[in-house]
Structures are given as structure tokens and as C-alpha cells.
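As C-alpha cells, the structure follows; a few thoughts come after it.
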Amino acid sequence: MQDPLRRFKAEFFKALAHPARIKILELLRSGEMRVNELQMHLEIEPSTVSQQLAVLRSRNIVETRKVGTSVFYRVRDLEVFELLDTARRIFNNQLMVTQSMLEQLEDEEAAVSSINPAQRAAPNDTG
């Protein structure tokens, strides 16, 4: 398939398709951070943090600047945060639908359990 836009979108979403990378972006929402600060907040191995940052860097989602021996990361395009916010709203909408279905199920179970047990167990005399 020779569709550069769809290919870009697919690769972009693949870059976001890991919980650690999402957490990194959420941490960077407040501004740039050094690698060691990200590691501290993520509580995962430094090599894993580096791998996840490399994926985000390769897709131009984050960029770096170096000051002495410190490397600072920041989100390249702030629209990424709008995308994450939209994903959160979609997630919340799905939770609300699930909650509504659970409430309906509980109502149905309550209605069934309110029927006299003798009525539920009575044989059908229509035969």
C-alpha cells in the first residue's frame, strides 16, 4: 500500500502503543525532564526507559537537548496531549457504557431474585 499518510498514522500509533511510553508523555506534560527524573517516576529499569525514549524519538514525538552531561526530553508537538486527552475521554465513555450495562444486569438479577422461589421451581402445567 502506497499511502504515506496512513503509514505515518500507523507508525505514530505504534509508537504510542506501550504503557511506559504513554506514562513518559504524561510526565512530560508538565515540561521537559531529565532522563534520570523519568526513570525515577517510571520505576523501571534504565535500559527499558532508554528503549522507550528511543521509540518516541525515532517517531519525532519527543526531542532532546543536552546541557553538560544531562539530557532533557520534551514533547515535540503539544497536540500529542490533546490526543491523549481524547483517548482518556473515549476510555471514560466506554466505562460509562459498561457501568450502565452492569446496572441493567443488577436490576435484572434483582427482579429474578424477587420472584418467589416456589414460583421459579414450579413445573409448567401447560402440557
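Taken together, the values in this text are just the output of simple stated rules run on the coordinates, not laboratory data. Note that this is a predicted model, so its numbers are computed, not measured. Here Cβ is always computed from backbone atoms with ideal geometry, including for glycine, and neighbour counts include all displayed protein chains.
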Two-site FRET efficiency, GLU45 against GLU109, from Cβ-Cβ distance with R₀ of 35 Å, rounded to 0.05: 0.15
Volume per residue that the Cα convex hull of the chain spans, once the total is divided by residue count, Å³: 230 Å³
Gaussian network model of the chain, springs between alpha carbon atoms under 10 Å - residue of LEU84, LEU25, LEU105 with greatest fluctuation: LEU105
FRET efficiency, SER58 to LEU83 (Cβ-Cβ, R0 22 Å, nearest 0.05): 0.75
Taking the chain and dividing mean pair separation by its residue count, relative contact order in percent (alpha carbons under 8 Å, at least six apart): 20 percent
Helical contribution to [θ] at 222 nm, DSSP H n ≥ 4, -39,500 (n - 2.57), averaged over the chain, rounded to 500: -21500 deg cm²/dmol
VAL71 long-range amide H proximity, modeled H, under 5 Å: VAL35
Gain upon complete extension [ARG65, LEU95; 0.36 nm per residue less C-alpha separation]: 6.9 nm
